[in-house]
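J.: There's a structure below that I have some questions on.
The values are calculated or read from the model by the stated rules, or taken from the named source; none is laboratory data. Note that the structure is predicted; figures quoted are calculated from it, not measured. Here the Cβ positions follow ideal geometry from the backbone for every residue, glycine too, while neighbour counts run over all protein chains shown.
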Amino acid sequence: MFKPLLLLALCAPLITQAQNVAENVAGKPAEKPAEKSAEPPATHVAPIPRVEIIAARDAEWASYRRAYQAAALSATYTRSRPLIQAHMQIRPLKPDASLAGLKLQLAGDTTQADIDVDGIGRATIPMSKQAYDEDAVLRLNRGKGLYYFSGRFSIREHADGVYPVAQLRAACEQLIGAQRASGYRLRLLGKNCSGVKFSYPASDAAMTVEVRGADGAPRPVGVIDGHPFEDNSMGVYKVALLRFADLPADGSVVTRAAPLAIGTVYE
C-alpha cells in the first residue's frame, strides 16, 4: 500500500499543473488583436495623365515605297515651279478631327526614323533607298480608320512674312499648273486663279494679315472661318482670303506670324 500512495504523491503536482493549463486554455477569453494605429489623413493625389498607346498592328499606316514614288513624281512638278512645294499630308476622315500631336514613324527591318508632321498634317518624306529596299512602312500614332494619307501642293511660306502680290499670283499659277499636270486636269477644267488663302489655327484669334500698297500704308485683311485649301477635305481654320482683283498689283501681303499654310482660290 505504501508504493501506490508514494506514486500518487509524486504525480499530484503534475496532475495539478495539467489541470491548470487546461483551465487556462478552455476558460481564458481570446485575446483581441492589437488595434492598428490611426492612419494618417488622406492627402490629395494628382490624377495620372492618360497616355494613349497604339499597338503597331492597330496603327494607321502607309507603304513607304508608294510614298517614295509619289514624292519622286511630285518633285518633277515642283522642280520648274520654285514658288510651290509638295508634301505628304495626313488628312482626317472626319474634317473636324484634331491634327494635334500627330507623329509619323518610318519603320523597316533596320530602318527607324521619326518624321515631323506640321500643324496642318503635312510631312516631308525622306528619300531612303535602304528603307525602300526593306519595304518599310509609315506608321501613324493613331488607330486605323481615322486618317488617310494623301498628297498636297501649297505655296511656299516666306521667313520674313512679306509676299509681293505679283509673286503670289505667279505662285497660284504654278500650283494650278502642277495640279493639272499631276492628273487633276478634268477637275480643274475652266478654273482660273483668283486669289490665295493664308490659314491659321482655329483658336488663333490674334492673327494679323495686312496688305500694303506702293505707299506702304497697311490695310488689315478680314479673317473668316473657312477651309485652308481649294477642297474641303480639312477642317475649319482662321482664313485670310485675298482675291487678286482686290489687291494692288505692286503691293505686298504682310503677315505678323507664319501661317500654317498658303492655299489657292480657283473660280
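J.: Only one residue in GLY151, GLY177, GLY145 is of a type in the set (Gly, Ala, Ser) and within 24 Å of ALA245 (Cβ to Cβ), so which one is that?
T.: Details: GLY151 fails: within 24 Å of ALA245 (Cβ to Cβ); GLY145 fails: within 24 Å of ALA245 (Cβ to Cβ).
Only one candidate passes the filter, namely GLY177.
J.: If we keep just the residues of the range 110-142 that are within 12 Å of the chain's Cα centre (by Cα) and more than 24 Å from SER203 (Cα to Cα), which is surrounded by the most Cβ atoms within 10 Å (Cβ to Cβ)?
T.: Of all residues in the range 110-142, those within 12 Å of the chain's Cα centre (by Cα) come to 115-123, 140-142.
Next, from what is left, pick out any that are more than 24 Å from SER203 (Cα to Cα): 115, 140.
Numbers: ILE115: 16, LEU140: 23.
Step by step, filter the range 110-142, then rank; the result is LEU140.
J.: Would a scan of the range 149-170 turn up a residue that is within 24 Å of the chain's Cα centre (by Cα), in contact (Cβ under 8 Å) with a residue 40 or more places away in the chain and more than 30 Å from MET207 (Cα to Cα)?
T.: Checked against the condition, which is being within 24 Å of the chain's Cα centre (by Cα), in contact (Cβ under 8 Å) with a residue 40 or more places away in the chain and more than 30 Å from MET207 (Cα to Cα), the range 149-170 yields no hits at all.
J.: What strands (runs of 3 or more DSSP E) lie completely within the range 93-183 and have 3 or more residues being closer than 24 Å to HIS227 by Cα and touching a helix residue (DSSP H, G or I) at 6+ places or on another chain (Cβ under 7 Å)? Steps first, please.
T.: Working: elements: 104-107, 112-115, 137-143, 147-155, 162-164.
Per the criteria, 147-155.
J.: Please go through the range 204-256 and pick out each residue that is of a type in the set (Gly, Ala, Ser), on the phi < 0 side of the Ramachandran plot and in a loop (DSSP other than H, G, I, E, B). Before the answer, list the steps.
T.: The initial filter retains those residues of the range 204-256 that are of a type in the set (Gly, Ala, Ser), namely 205-206, 213-214, 216-217, 222, 226, 233, 235, 240, 245, 249, 251-252.
Now drop any that are not on the phi < 0 side of the Ramachandran plot, which leaves 205-206, 213-214, 217, 222, 226, 233, 235, 240, 245, 249, 251-252.
Passing the criteria: ALA205, ALA206, GLY213, ALA214, ALA217, GLY222, SER233, GLY235, ALA249, GLY251.
J.: Can you tell me which residue is nearest to the chain's Cα centre (by Cα) among those in the range 224-240 that are buried (at least 20 other Cβ atoms within 10 Å of the Cβ) and farther than 20 Å from GLY151 by Cα?
T.: LYS238
J.: Check GLY183, GLY216 and return the single one that is closer than 30 Å to ASP96 by Cβ and surrounded by fewer than 16 Cβ atoms within 10 Å (Cβ to Cβ). It would help to see each step written out before you state the result.
T.: Working: GLY216 fails: closer than 30 Å to ASP96 by Cβ.
Step by step, each of GLY183, GLY216 is checked, and only GLY183 is closer than 30 Å to ASP96 by Cβ and surrounded by fewer than 16 Cβ atoms within 10 Å (Cβ to Cβ).
J.: Let me ask something additional. Pairs please, first residue from the range 84-108 and assigned by TED's automatic domain parsing to the domain that holds ALA181, second anywhere and part of a loop (DSSP other than H, G, I, E, B) and of a type in the set (Gly, Ala, Ser), Cβ atoms under 9 Å, 6+ apart in sequence or on different chains.
T.: Once the first residue is assigned by TED's automatic domain parsing to the domain that holds ALA181 and sits in the range 84-108, no partner that is part of a loop (DSSP other than H, G, I, E, B) and of a type in the set (Gly, Ala, Ser) comes close enough.
J.: Residues being surrounded by fewer than 17 Cβ atoms within 10 Å (Cβ to Cβ) and either outside any helix (DSSP H, G or I) or within 23 Å of the chain's Cα centre (by Cα) (or both): count how many of those fall in the range 66-82.
T.: Within the range 66-82, the subset surrounded by fewer than 17 Cβ atoms within 10 Å (Cβ to Cβ) is 66, 69, 72-73, 75-76, 79-80, 82.
Among the residues that remain, those that are also either outside any helix (DSSP H, G or I) or within 23 Å of the chain's Cα centre (by Cα) (or both) are: 66, 79-80, 82.
Residues that pass the stated criteria total 4.
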